[in-house]
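Asker: Sharing a structure below in structure tokens format, with a few things to ask.
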Amino acid sequence: MRQVDGKTNTQYTDQTVEMGPTYYYQVTALDTFGQESAASATVSETALDDTIPPVVLGIEPINNTIIGPHAQITVRAEDNLRLSAIRLEYALAENDWQEISTVNTTDNATFAWDTAPLNGEVKVRAIAIDSRGNESDGSVIRTYLVDNQGPAQVTGLTGTPTASGVLLKWQDVPDQDFAYFLVEQKEAVEGTYLKISTVNNVLGMNVQNLQPNTTYWFRVTAYDRRDNRGTPSEEIAITTTADTTAPVITALNPKPGRFATQIPLKITASDNVGITSLIVQQSTNKTDWTELTTITKDGTQSVVTITYNLDVTGMPEGSYYIRGVAEDAAGNQSDTSETAPFVEYYIDHTAPAVPANFSVESTAGYLTLKWDRNPEIDLAGYNIYRAEEEAGPYTVLAEKHTYLSYLDREVQQGITYYYKVAAIDTAGNIGMQTAPFSAMPTEDVEAVAFKNII
């Protein structure tokens, strides 16, 4: 049974029949509710043999296209009844057609054609085949130029070594369809070449991240726009030089300042090859340096950043100088002379004095705290504490408050509040707290005033 949708569609072509047998047909109508009418009168017919061949409508790409080693050919075809397959063929001589492949299809087909070892002009045609075995006439033919020839061999390859790299240079190739150069490297005579990179607009490459005093082999190959590979250049062996370049300390943090408990050190060093260790040193006179810690690395990173928390709680007050010393695998060490970079830190364990003349003023709706300025030059601010009992507990209302007064609006009528203030310096030392000062917000007796609105 077959269903034909649409009340105006009054015909049906049965393409499933075979030649010879007689077939019988009836038609019924179906409404939108699925109700089916009575069947029509029965008709019979015997299918005639299909002798009409399919037709090839087109072959892409167009005539005279240059194709490479991996070509894609698309064929469009149709048949009066049903298409079965399309066969793609090529010929190098007149009427000497060779099958490429056959694709089963009812309309179009795309062929992936490996053209090797062909090179030069080749003709391509498609033969469409229907379900009865009828074949198209093969009159649709395309002529293509197969390019399986890679660019010329790269010549003039040279290399200039450094401790961590090689600067390669080579000569250009004359091919008009050139696309790019492939640069390859291996690490042993019998080793396997591995891709470093490709370049298309320069005749050289600076190969980096190599090891000192090590021999490497290089070659360069040109490719064309159809990805044909040319003949590789003659390989060259280059030995990198010894590493005589010392690492450099590029950053030392934090900036100079005063500290009471801990200095969060962060030091960065760079090297042309790689850092193997970074030593943190300390001095009190910038002449005699003692080691605080040594952090080792694997020597593969050219830029290294380390962190070290220096505990200064037990160190006497005064100036201390911190520097980093980096080393590489060759034993080169960063600058340790008098001009080497360092940072001065001041260890400060002395807390600020108690703020003087601390008082609290009571106002309707809020309380105002006031005190005198502390004399310390390294003052960072004031911590403000509040409780509802003189003995506490006290909570912190503000930290490192930089003004000499504080307005507390988070208060309620009828409650007595107790306040303390302590000074804090830039090193983090917190001074003794003031004696507690208590106050209660006054009653708000001011009536709300209304303005006439005209």
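Asker: Beyond 40 Å, what share of the Cα-Cα pairs of the chain remains, rounded to the nearest whole percent?
Answerer: Of all Cα-Cα pairs in the chain, 65 percent lie more than 40 Å apart.
Asker: What is the fewest-to-most order of SER101, SER37 by other Cβ atoms lying within 10 Å of their Cβ?
Answerer: SER37, SER101
Asker: Zone of SER283 (label point 7 Å along Cα→Cβ, backbone N under 13 Å): which residues in the range 294-330?
Answerer: Under cut-off, by backbone N: 320-325.
Asker: Something else: Under a Cβ-only charge scheme (Lys and Arg +1, Asp and Glu -1), can you give me the dipole magnitude of the chain about the Cα centre, in debye to the nearest 20?
Answerer: 900 debye
Asker: Now for a separate question. Residues of the range 131-157 with amide nitrogen under 20 Å from the 7 Å Cα-to-Cβ point of ASN80?
Answerer: 131-140
Asker: Would you mind checking LYS186/LYS297; LYS266/LYS400; LYS370/LYS420; LYS255/LYS297 for any pair whose Cα atoms are more than 20 angstrom apart?
Answerer: Result: LYS186/LYS297; LYS266/LYS400; LYS255/LYS297 exceed 20 Å.
Asker: Out of the chymotrypsin sites (Phe, Trp or Tyr not before Pro) in the range 1-75, which ones are loop residues according to DSSP with at most 13 other C-beta atoms within 10 Å?
Answerer: Passing both the DSSP loop test and the Cβ count: TYR12, PHE33.
Asker: Given Cβ point charges of +1 (Lys, Arg) and -1 (Asp, Glu) and nothing else, what value in debye, to the nearest 20, does the dipole of the range 248-347 about its Cα centre take?
Answerer: Rounded to the nearest 20 debye, it is 320 debye.
Asker: Set the Förster radius R0 to 41 Å, insert the Cβ-Cβ distance between ASN357 and GLN301 as r into 1/(1 + (r/R0)^6), and round the FRET efficiency to 0.05.
Answerer: 0.10
Asker: Once both labels are modelled 7 Å past Cα along the beta-carbon direction, what's the TYR308-THR336 spacing in nm?
Answerer: 1.3 nm
Asker: Shifting gears a bit: Mind ordering 332-339, 159-166 by average Cβ neighbours within 10 Å, highest first?
Answerer: Most protected by this proxy first, the peptides run 159-166, 332-339.
Asker: Would you give the gap between the C-alpha center of the range 88-163 and the C-alpha center of the range 207-286, rounded to a whole Å?
Answerer: Centre-to-centre distance over Cα atoms comes out at 49 Å.
Asker: If you don't mind, there's one more thing I want to ask. Counting only C-alpha contacts under 8 Å and six or more residues apart, can you give the relative contact order of the range 302-454 as a whole percent?
Answerer: Answer for the range 302-454 is 23 percent.
Asker: Sort 403-415, 253-265 by the packing proxy (mean of other Cβ within 10 Å over each peptide's residues), most packed first.
Answerer: Top to bottom by mean Cβ count within 10 Å: 253-265, 403-415.
Asker: Note the full-extension length gain between ILE66 and THR239 as 0.36 nm times their separation in residues minus their Cα-Cα distance, in nm to one decimal.
Answerer: Contour length minus Cα-Cα distance gives 58.0 nm.
Asker: If you don't mind, another one. Which value, in debye to the nearest 20, gives the size of the charge dipole of the range 1-117 about its Cα centre, when Lys and Arg are +1 and Asp and Glu are -1 at the Cβ?
Answerer: Computed about the Cα centre, the dipole is about 280 debye.
Computed from the coordinates by the stated procedures, all read-outs in this text should not be read as laboratory data. A quick note: this is a predicted structure, and the numbers were derived from the prediction, not measured. Every residue, glycine among them, receives a Cβ derived from its backbone with ideal geometry; neighbour counts consider all protein chains shown.
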